[in-house]
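*Asks:* Sharing a structure below in structure tokens format, with a few things to ask.
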Amino acid sequence: MTPSTGPGGPAGSAAGSAAWEVLLPAASAPARARGRALQEALRDAVRSGRLTPGTRLPSSRDLAADLKVSRGLVTEAYGQLTAEGYLRSGQGAGTWVGDAVRAARPRARDLAPRSPADRVDFVPGTPDLSLFPRAAWAAAQRSVLADLPHEGLGYPDPRGLPGLRTALAELLARRRGVVADPERIVVVSGVAQATALLASVLYARGMRTAGVEDPGSPQHHALYASAGLGTAPLPLDEEGLAPGPLHASGVRVVVTTPAHQFPTGIAYSARRRAELLGWARSVDGLVLEDDYDGDFRYDRAPVGALQGLDPERVAYTGSVSKSLAPGLRLGWLLVPDWLADDVVERKRTTDLGHPTLDQAVFARFVERGDYDRRLRVCQRAYRERRDALVAALAEHFPGSRVTGIAAGLHAIATLPERYGPEEGFLARVAEAGVAVRSLAAYAHGGAAGGPVGEGQVAEGPVREGPEAGKEVRLVLGYAHLTPGRIRAGVERMAAAV
């Protein structure tokens, strides 16, 4: 087989060899699939550049003889690819590779965040994924697949499977003190979707700005912006959201993390909870409670959810991202009655409901007590890691204060000023292969002021003058690191500075 070339085309022998090699497997395909295989192989050769634009292909008779297939298969393949634009032909001029194709072979990239193996990563937000209960989860999957009726694989209720919503209502009432009606629970793909759903509904109701804790999660601005809402940073004091700025802001919705504020680690005081709910009633507003790690409390009983105090003024959301794995993309949103229909309809139009099998498996996992057992295992492991972090900081950074450690998966470390300025500290530890974030990185308003621990203000707002920038305040995630890895990371930081 020796295709020739047109003006500017490549050498015929090389092109013929390439075509011959890529088409041979197709020629040996089963008879019924041979025509389709030949077309796909020829199409792929053009896409990948093995047959370049301007290459003249052999006649259908010659190619059929070389491949030992019927001429009709080759003629059909040429005709199909000419119709699609991959080839071009002219009366009596033969068949050529067309000029329209410019696509290279597609390559799937993995954009998921990954930490290099040689780096110690203290960035918060991830649990220990090695603790995922694979055996128990697989057993729940087998049980569900054996019992699920055929109609259970159809489009689900957009709120979620009734069995899962019932199991979640019992779980949240028992563990978090939530007033949970299964009819007002919406199963979502994590807190991010819950936030986006609620924001879009509030926008449709005329709200244009949401208040967010400052410092707080860096994701809030983008999530609300996707629904058309702006965000107003609201400062914290040692008890929670400062009431003065909240009342003066003019907002009617705020998103909070009252059980364990992210990132400062404070728990809202009882007085501040009451003031926050009083504000919501006075402005006919709403509080979105993000209970992102409320199950992990180490030194005393967990603080109950704010939602239990006023279910009509608080929307409550959580997920399994910290308790099981973020890759499951499974969470819940409990909404007030006056918002329920709008949220459910928005969920329906967004994705027609969460995957049925995932919901059924998690429901079985909760019903059999596996979820409670998993939380106990994680609680013990994370307490040990918290203690390892506190001990390592005390040894290698004497004089440091570690706060926000009564709950959650991260802590705030305030290092003595001799380790500053903060910018230089961060640069040195990064060069040493340690990933950390400062508290200032979570400030919406440009400076990470306010508290760094439960009931305790570290230094107030960032100071000005000759002492500005000398102190170092770090947000250290520890749940995903073994105690040995935690000690090694702190040692590496100390050596770097």
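The values are calculated or read from the model by the stated rules, or taken from the named source; none is laboratory data. On a predicted model such as this, the values are computed, not experimentally measured, just so you know. As a convention, Cβ positions derive from the backbone with ideal geometry for all residues, glycine included, and neighbour counts pool all protein chains shown. Side chains included, ligands, DNA and RNA excluded: accessible areas come from the protein's heavy atoms. Shrake-Rupley method; radii C 1.70, N 1.55, O 1.52, S 1.80 Å.
*Asks:* Checking V187 against (1) of a type outside the set (F, W, Y); (2) in a helix (DSSP H, G or I); (3) in contact (Cβ under 8 Å) with a residue 40 or more places away in the chain, which test does it fail?
*Replies:* In the conditions (1) of a type outside the set (F, W, Y); (2) in a helix (DSSP H, G or I); (3) in contact (Cβ under 8 Å) with a residue 40 or more places away in the chain, V187 misses (2) alone.
*Asks:* Name the single residue that is farthest from G98 (Cα to Cα) among those in segment 26-57 being touching a Gly at 6+ places or on another chain (Cβ under 8 Å) and open to solvent by less than 40 Å² (accessible area, probe 1.4 Å).
*Replies:* The qualifying residue farthest from G98 (Cα to Cα) is L57.
*Asks:* Residues to consider are R208, R252; find the one that is farther than 30 Å from S323 by Cβ, of a type outside the set (G, A, S) and in contact (Cβ under 8 Å) with a residue 40 or more places away in the chain.
*Replies:* R252
*Asks:* Among the residues of segment 320-339, which ones are open to solvent by less than 10 Å² (accessible area, probe 1.4 Å) and part of a helix (DSSP H, G or I)?
*Replies:* The answer is L339, and nothing else.
*Asks:* Does any residue in segment 45-70 that is closer than 17 Å to A27 by Cα come within less than 8 Å, Cβ to Cβ, of a residue that is open to solvent by 40 Å² or more (accessible area, probe 1.4 Å) and polar (S, T, N, Q) six or more places away or on a different chain, and which pairs are these?
*Replies:* P58/T2; S60/T75; A64/S70
*Asks:* State whether one or more residues within segment 151-167 are open to solvent by less than 40 Å² (accessible area, probe 1.4 Å) and at positive phi.
*Replies:* Looking through segment 151-167, at least one residue is open to solvent by less than 40 Å² (accessible area, probe 1.4 Å) and at positive phi.
*Asks:* Picking from R364, R348, R383, R368, which residue would you name as being touching a Pro at 6+ places or on another chain (Cβ under 7 Å), open to solvent by 50 Å² or more (accessible area, probe 1.4 Å) and touching a residue at least 60 places away in the same chain (Cβ under 8 Å)?
*Replies:* R348
*Asks:* In segment 386-402, what count of residues is obtained for those that are under 18 Å from A494 (Cβ atoms), surrounded by 15 or more Cβ atoms within 10 Å (Cβ to Cβ) and of a type outside the set (G, A, S)?
*Replies:* Qualifying residue count, segment 386-402: 7.
*Asks:* Can you name the helices (runs of 4 or more DSSP H) wholly within segment 1-110 that have at least 3 residues being modelled with pLDDT of 85 or more and not aliphatic (A, V, I, L, M)?
*Replies:* Values: elements: 12-27, 31-48, 60-67, 71-84.
The qualifying helices (runs of 4 or more DSSP H) are 31-48, 60-67, 71-84.
*Asks:* Suppose we filter segment 189-237 for residues that are of a type in the set (V, I, T) and more than 17 Å from the chain's Cα centre (by Cα); how many remain?
*Replies:* Number satisfying all stated conditions: 4.
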